[in-house]
Amino acid sequence: MKHCYKIIVCVLIILLPALGFACDICGCGAGNNYIGILPEFQKHIFGFRYRSNSMLTHVGIGGTTSYLTTEEHYNTLEAWGGWNISNRFRLMASVPYAFNEKYNQGVTQTKSGLGDISVSGLYELINKRHTVSTKLVVQSLWVGAGLKFASGKYSPTDKAAGGQSTNLFQLGTGSFDLNLNAMYDLRIQDFGVNLNAAYKINTANQHHYQYGNKVNGSLQGYYKFRIQNKLLLAPNAGLQYERSDLDRDENLLVNVSGGNLLLGTVGLESGIGKLSFGINWQTPLSQNLANGIVRAQNRAMVHLAISL
């Protein structure tokens, strides 16, 4: 048991300091890569995720609203899949389709289309199963890297002149970016802890706009209930932290960008046979986005997948 705790501490020491370095503004617009607790699968898995994010922009001092305040909604339907190439190597891919809306003074603007496709390769560094005091202990640690492609449309005309407004109302960033990922899971009998960390290194697009590098990390605890050895239910709760650097426009820093966000999460994962279903709710606990002119609101995610 002490050995398990030492591994948890080591993983936290390695992964959590990265959260201090670096999200387009955290999770909205072009760039949320939150996955949650990944369903278990042996060979292949395919599924769909639906994510709904909302935020207020042009917020005044102390959270006051005015005629400039805009309500923005970012909804994404995402096809995703995973392939276990070998016992320790896995490929993951996602293809998002975005539905963006914003409202101000009775005027609604909408935008929809293909988002930025991403592909990642993951290698399992740790895969252990042993018994401690009659309890089964299972550990896994996956690390990897991948690319985000410039498949989503980036419209330079939707970026406010002079950098006085957040550049979030886009289907894609217009850039090829690098993703670094790590996923750790520790389960003692039916109780588990899941840790996800991702660092996204953004490049400048052809219009010389570069979104800030971003970090996304989540820590969740869960418990597995097995009903008649057929239905698996795993309620979970935890925290998610996001941080991004300032954007750069023509290599000049954009002050109304970047920031950090801490959310509380609660969800449920379920599985029966080869099918799995999950739902996750996130609410802001603390935030400082774009020097205070942006306020993140509640988020939700649901997914359905099949293992083959």
Margin query: Based only on other Cβ atoms within 10 Å, what is the fewest-to-most ordering of T108, T203, T70?
Written below: T108, T203, T70
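Between L178 and Y103, take the C-beta separation as r, use R0 = 41 Å, and let me know the FRET efficiency to the nearest 0.05. Present the calculation step by step, with values, prior to reporting the outcome.
Details: r = 34 Å, r/R0 = 0.84.
The computed FRET efficiency comes out at 0.75.
Can you sort Y199, Y97 by how many other beta carbons sit within 10 Å, fewest first? Before the final figure, lay out the partial values.
Numbers: Y199 20, Y97 15.
Going from least to most buried by this count: Y97, Y199.
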Checklist line | Inter-part distance where region 184-206 and region 291-308 are each reduced to a Cα centre, Å | finding: 15 Å
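In a shell of Cβ-Cβ distance under 12 Å around R295, excluding R295 itself, what net charge do Lys and Arg (+1) and Asp and Glu (-1) give?
In short, -2.
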Note to self: Taking R0 as 30 Å, what FRET efficiency do you get between L125 and L308 from their Cβ-Cβ distance, rounded to the nearest 0.05?
What the structure shows: 0.75
Notebook entry, point to check: So how far apart, in nm, are the two label points at T157 and A145 if each is 7 Å from Cα heading toward Cβ?
Noted result: 3.8 nm
Next item on the list: Note the full-extension length gain between I188 and F48 as 0.36 nm times their separation in residues minus their Cα-Cα distance, in nm to one decimal.
Entry: 47.5 nm
Notebook entry, point to check: Rounded to the nearest 0.05, what FRET efficiency do A204 and N229 have when you use their Cβ-Cβ distance and R0 = 45 Å?
Noted result: 0.25
Next item on the list: May I ask you to list the lysines whose Cα is less than 16 Å away from that of K230, ignoring any residue fewer than eight positions away on the same chain?
Entry: K274
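Could you give the dipole magnitude of region 120-234 about its Cα centre, charging the beta-carbon of Lys and Arg +1 and that of Asp and Glu -1, in debye to the nearest 20?
Values: 12 positive and 5 negative charges, 79 e Å.
Once rounded to the nearest 20, the dipole reads 380 debye.
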Margin query: Of T265, L246, G292, which is farthest towards the positive pole of region 237-297's charge dipole, taken about the Cα centre with +1 and -1 on the beta-carbons of Lys, Arg and Asp, Glu respectively?
Written below: T265
Note to self: Just to check I understand the Karplus step: with θ = phi - 60° and J = 6.51 cos²θ - 1.76 cosθ + 1.60, what whole-Hz values come out for region 219-236, glycine and proline as x?
What the structure shows: 10, 9, x, 8, 9, 9, 9, 10, 10, 6, 6, 10, 9, 10, 10, 9, x, 8
Note to self: I need the phi-derived Karplus couplings for region 132-144: 6.51 cos²θ - 1.76 cosθ + 1.60, θ = phi - 60°, integer Hz, Gly and Pro marked x.
What the structure shows: 10, 6, 6, 10, 6, 10, 10, 10, 8, 9, 10, 10, x
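Just rank W80, W142, W281, fewest to most, by other beta-carbon atoms within 10 angstrom.
Details: W80 19, W142 22, W281 16.
Fewest-to-most Cβ neighbours within 10 Å comes out as W281, W80, W142.
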Check: Summing Lys, Arg as +1 and Asp, Glu as -1, what charge do residues with Cβ under 12 Å from the Cβ of H44 carry, H44 excluded?
Finding: +3
Margin query: To make sure I understand the rule: partners must be lysines, Cα under 30 Å from the Cα of K200, and not fewer than 8 residues away in the same chain. Which ones qualify?
Written below: K6, K43, K102, K111, K128, K148, K153, K159, K214
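FYI, it's all coordinate maths here, none of it is from the lab. None of the values given here were measured: they were computed from a predicted structure. We place every Cβ from the backbone using ideal geometry, glycine too, and count neighbours over all the protein chains shown.
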